[in-house]
Every structure is written in structure tokens, then in C-alpha cells.
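Right, one structure below, let's go through it.
The values are calculated or read from the model by the stated rules, or taken from the named source; none is laboratory data. Fair warning: this is a prediction, and the values are worked out from it, not measured in the lab. A quick note on method: Cβ atoms are made from the backbone with ideal geometry, for glycine too, and the neighbour counts reach across all protein chains shown.
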Amino acid sequence: MLTFVVTVKLLAEIALLALLGQWVVGLLAGSARGSNPVYRVLQLVGRPWVRAARWITPPLVLERHLPLVVFLVLLLMWGAAAIAKVSICLQIGVALCK
């Protein structure tokens, strides 16, 4: 169970950092962000999460708001995984969690 929780937490961290990096590069690059290779790589990493959010959210949510929705959902998922990891580590002993 600990391996599953750690894996979920790691995937959430990777996606969160990719979305955050995409936002920062988008701010720095401005309107030329579509041709920025770093932005495109970060967009590639975050795209599966954004597509999943489009599938889950109602059509009322605008396309440009989807990355924010994904970020918030991933942040909640990361928090839940962190709490679960702490709980499991306290049950089995902290020495076994290293």
C-alpha cells in the first residue's frame, strides 16, 4: 500500500511541477510561448491531465481554465497522498518508510 501511495504522490508532484513550470514559462515568453521548446515539453507532460480534466468537467468550464482545475485537483490529490503516507508510516514504523 505504501508503494501505491508513494507512486500517486510522485505522479502528482511531477504533474504539478510541469503545470507550474508551464505557467512560469508562459508568463516569461508571452505570446511567443507556442514556439518555445521548453513550454512545449512542459505542455506535453501536463496534457494527459488536462485531457482527463476536460473529460470529467462539465462543458461549462472554459478551455483556458482547465489547467487551473487540474492544478487544484492534483494539489488535493498530492495532499491526500501525503497524509496517507504519513498515516501508513506511523502505523508500520518510521524506520520502514525510508
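Evaluating residue 55 against the criteria (1) more than 30 Å from residue 1 (Cβ to Cβ); (2) part of a helix (DSSP H, G or I); (3) more than 15 Å from the chain's Cα centre (by Cα) leaves one unmet condition, (1). The residue pairs whose first member lies in the stretch 7-33 and is closer than 17 Å to residue 73 by Cα, whose second member is among the charged types (D, E, K, R), and whose beta carbons are closer than 8 Å, counting only pairs six or more residues apart or on different chains, are 9/85. Which of the residues belonging to the stretch 1-39 are more than 13 Å from residue 71 (Cα to Cα) and surrounded by 14 or more Cβ atoms within 10 Å (Cβ to Cβ)? Those that are more than 13 Å from residue 71 (Cα to Cα) and surrounded by 14 or more Cβ atoms within 10 Å (Cβ to Cβ): 2, 5, 6, 8, 9, 25, 26, 29, 33, 36, 38, 39.
From the list 84, 80, the lone residue that is in contact with a helix residue (DSSP H, G or I) (Cβ under 6 Å, 6 or more places away or on another chain) and modelled with pLDDT of 95 or more is 84.
Kindly indicate whether residue 45 is of a type outside the set (D, E, K, R) and surrounded by 14 or more Cβ atoms within 10 Å (Cβ to Cβ). Spelling it out, residue 45 is indeed of a type outside the set (D, E, K, R) and surrounded by 14 or more Cβ atoms within 10 Å (Cβ to Cβ).
Sort out which residues of the stretch 74-98 are within 17 Å of residue 22 (Cα to Cα) and either crowded, with 17+ Cβ neighbours inside 10 Å or of a type in the set (Lys, Arg) (or both), and write them in order of number. Across the stretch 74-98, the qualifying residue is only 74.
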